[in-house]
Amino acid sequence: MPVQIADAESDNIGPFNRLSASQANTWDDCPRLWWYQNKMRLKFPQTPPLFLGRAVEECVCRVLMESPGIVFNTAPADVLSKGADHLLPLLDNELPSDFMAWCASRVDAHWPGIRDAMHAEWSKDARKSGNWHEYSMDTYRDMCVTALGMHMDEVTECKDTVSQEELTQWRDGDRPTIPAPDGRKNTGPHPLANSGDCTLVEAWEIARPWFVDPDAPQFSLNVIHPEHWFQGEYDLVYRNGGKIRIMDLKASRGGGDRSGNYVEQLRIYAMLWSITHNGQIPDALEVWYAGVNVRKVIQPPSSQEIESLESKLSDLWQEIKGSEITIDDCPPIPRPVRGYSEGGVKIDDPEEPRCSTCDWASLCPNGTGDDDLPDGGQHQPPGDIKVYELTPFGKLKPRVNIFCEVFSVTQVPEKPPNLTIQQDGGFAFVRIMVGESEGELTYPAELEKGDKLRLIGVVPSTNWKGELQLKVDPHARIEKASEAEDGDIGLFEFQARWNVVGRIAYTTYKSGVSKNGKPWARKGIVLLDESGRIAVEGWDNAWPSIFNTLKQGDEIAVLNTSLDAWAIDVKANLEKGSTLHVISRADD
């Protein structure tokens, strides 16, 4: 099975605390790099190739879901929207004479929509970087066709070598426990089954690899280590012929240091497969470089190497995920940059240091930064007689617990109810933004006026009218209760304004058009201090002009902000009355 879900009863680690191949590689690249990107959750610049690579993978998978035996080359992209069982097999004279031409036509059916959706997603990203239009869409479209050509090599090999036993079993409708996504739910003999020698259409079906269904929820098809500390997600797993071949699809040309990480990633996936399949070692590992039509073969690890790799990763999880870790535990010790040419061919390592291209060089002691981060304190703006107390990020309190009574409930079909609560003559709206968290409702199923409630971990704020509202996100919940508990506060007892100081990691910008047709834009800053990170956000016109001069490594104080939160992320809102003050410049 290419999927191994967590055992809910024994999983004491949870989906957000597992190790992954990318995290392991980042740690090996540089422990401090891992700290910035995983512990501080800093987001590196989101360039168009990152999104175009995802677009290529989705396009290839959507074509793999289809079949030349039931889908005309000119069919619309949503031809499988009702499932493959609703489509009739094509007649012999309707089958494509050239499967690669069929693949190219199906790419052209899917690519424009996927490409445009990815462009829209990139455009909305607050950390987008680069110029989308500088990249050739035809080049990435051609990568989809190239990858499908590699798949056709597997199909042709299957047709020529499939055993009579495997062919008969497939024709009779035998399917793996977790089949490759093909849009089929019906059982019984396969509707494309023929007689005699294996046809190319049959070989397409038999050789179809397992891959992540593009319509499946994100991270729902992961492979999780039986002890739950590691998870991964294969690109393509070929299982026909009784052999396991794991392929990693890359929409790139394969040059540069990152090609070394691809090798390690596949070795880790081989370990994961072996651990979840009673010691079975994959028969083949390959990186598919769609940009240069190269299939790079990786030697599968031996059983001893798998045991050693599992032990190493288990120790790493314990070191960086299974125990408390500080910035001092993540020293800036980058490994040398590795040299690879196109197709992932190893060449001499370059002399350039890894730090020269690091996104966090202005924060790191190996660059131009240092570890002497702000930690609260005081600030008196020039010309102001007031001294402001600055709160360390770790002591900010965006969440509160409130004991209250239901004032009104309005049921909404298939959505959480609209809820208003009252306490000591005050009223507030409750915004249940997440109706379910980790499989459980965030609110009681039955609510009515007069019920006594505890709102636990809700986030207080005000709406555009200035009315108090209490937000329920994945880390908050509502419970029926008969009395208040220690720590519960009144509706207006929370601290509404805060003052913070931090070092700038980066600025953000996002814009769009509202439902009424008016354009909008929001700017933000991600700050670090000794205790953590926060984002400061506000409408474009709320920021002073000095915002445009801010750079990574500058230190600023933001006064009179309100707080917001979503899950583990804390955000400060720049509002009317908020001010920004530069404490120091990175260049000074």
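Here, each number is a calculation from the coordinates, and none is a lab measurement. These numbers were taken from a predicted model, which means no experiment stands behind them. Ideal geometry is used to build each Cβ from the backbone, glycine not excepted, and the neighbour counts take in all protein chains shown.
Summary table
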quantity: Between helix 99-124 and the chain: long-axis angle, C-alpha atoms, 0 to 90°, nearest 10; calculated: 0 degrees
quantity: Efficiency of FRET between Ile568 and Gln380 - r from beta-carbon atoms, R0 35 angstrom, step 0.05; calculated: 0.60
quantity: In degrees, nearest ten, helix 303-320 long axis to first principal axis of the chain (Cα); calculated: 10 degrees
quantity: Vicinal HN-Hα couplings computed from phi for the stretch 258-275 (Karplus, 6.51 cos²θ - 1.76 cosθ + 1.60; Hz; Gly/Pro x); calculated: 4, 4, x, 5, 5, 4, 5, 4, 5, 5, 5, 5, 5, 4, 4, 4, 4, 5
quantity: FRET efficiency, Ile347 to Lys415 (Cβ-Cβ, R0 45 Å, nearest 0.05); calculated: 0.20
quantity: Compactness relative to 2.2 N^0.38 Å, alpha carbon Rg of the stretch 12-125; calculated: 1.51
quantity: Where labels lie 7 Å past Cα in the beta-carbon direction, separation of Gln469 and Thr177 in nm; calculated: 4.6 nm
quantity: Volume per residue of the C-alpha convex hull in the stretch 264-334, rounded to whole Å³; calculated: 134 Å³
quantity: Efficiency of FRET between Asn560 and Lys124 - r from beta-carbon atoms, R0 30 angstrom, step 0.05; calculated: 0.55
quantity: Rounded Å value of the spacing that divides the Cα centres of the stretch 441-472 and the stretch 66-143; calculated: 44 Å
quantity: Candidate aspartates and glutamates - alpha carbon under 15 Å from Lys312, same-chain residues fewer than 8 apart omitted; calculated: Asp28, Glu227, Glu264
quantity: Approximate spin-label separation Ser136-Asp424, in nm, with each point projected 7 Å along Cα-to-Cβ; calculated: 6.9 nm
quantity: Square roots of 5 times each gyration tensor eigenvalue, C-alpha, the stretch 21-303, largest first, Å; calculated: 32, 24, 17
quantity: Percent of alpha-carbon pairs separated by more than 24 Å within the stretch 291-407; calculated: 66 percent
quantity: Residues in the stretch 441-466 that a label on Phe16 would reach, taking backbone N under 20 Å of a point 7 Å out along Cα→Cβ; calculated: 441-443, 455-461
quantity: Rel. contact order, % - alpha carbon contacts under 8 angstrom, at least six apart, the chain; calculated: 12 percent
quantity: Test item: Cα-centred dipole of the stretch 401-480, Lys/Arg +1 and Asp/Glu -1 on Cβ, debye; calculated: 240 debye
quantity: Long-range HN-HN contacts of Val162 with modeled amide H, under 5 Å; calculated: none
quantity: Stokes-Einstein D (µm²/s) once Rh is taken as the Kirkwood radius of the stretch 424-534 over alpha-carbon pairs, at 20 °C in 1.002 mPa s; calculated: 124 µm²/s
quantity: Segments 374-383, 55-64, 279-288, 14-23 sorted - mean Cβ within 10 Å per residue, highest first; calculated: 55-64, 279-288, 14-23, 374-383
quantity: Whole-number Å³ per residue for the convex hull built on Cα positions in the chain; calculated: 196 Å³
quantity: Length released on extending from Phe407 to Glu436, taking residue separation times 0.36 nm less the Cα-Cα span; calculated: 8.2 nm
quantity: Net lengthening on full extension, Met100/Glu479 (0.36 nm per residue, minus Cα-Cα); calculated: 130.6 nm
quantity: Qualifying GluC sites (Glu not before Pro) for the stretch 320-393 [loop in DSSP, other Cβ within 10 Å: at most 15]; calculated: Glu324, Glu351
quantity: Estimated distance in nm for a label pair at Asp28 and Gln164, the labels positioned 7 Å out from Cα along Cα-to-Cβ; calculated: 4.7 nm
quantity: The chain: calculated mean residue ellipticity at 222 nm from DSSP helix runs of at least 4, using -39500 (n - 2.57); calculated: -7500 deg cm²/dmol
quantity: Tensor-based shape of the stretch 401-480 (alpha-carbon gyration tensor, a/c under 1.5 rounded, otherwise prolate or oblate); calculated: rounded
quantity: Amide H within-cut-off set for Ala428, under 5 Å, with H built and near neighbours excluded; calculated: Ile421
quantity: Those trypsin sites (Lys or Arg not before Pro) in the stretch 517-561 that DSSP places in a loop and that have at most 14 other beta carbons within 10 Å; calculated: Lys551
quantity: Centroid-to-centroid separation of the stretch 166-235 and the stretch 42-57 [C-alpha atoms, Å]; calculated: 28 Å
quantity: Extension gain (nm, one decimal) between Lys43 and Tyr509, 0.36 nm per residue minus Cα-Cα; calculated: 166.4 nm
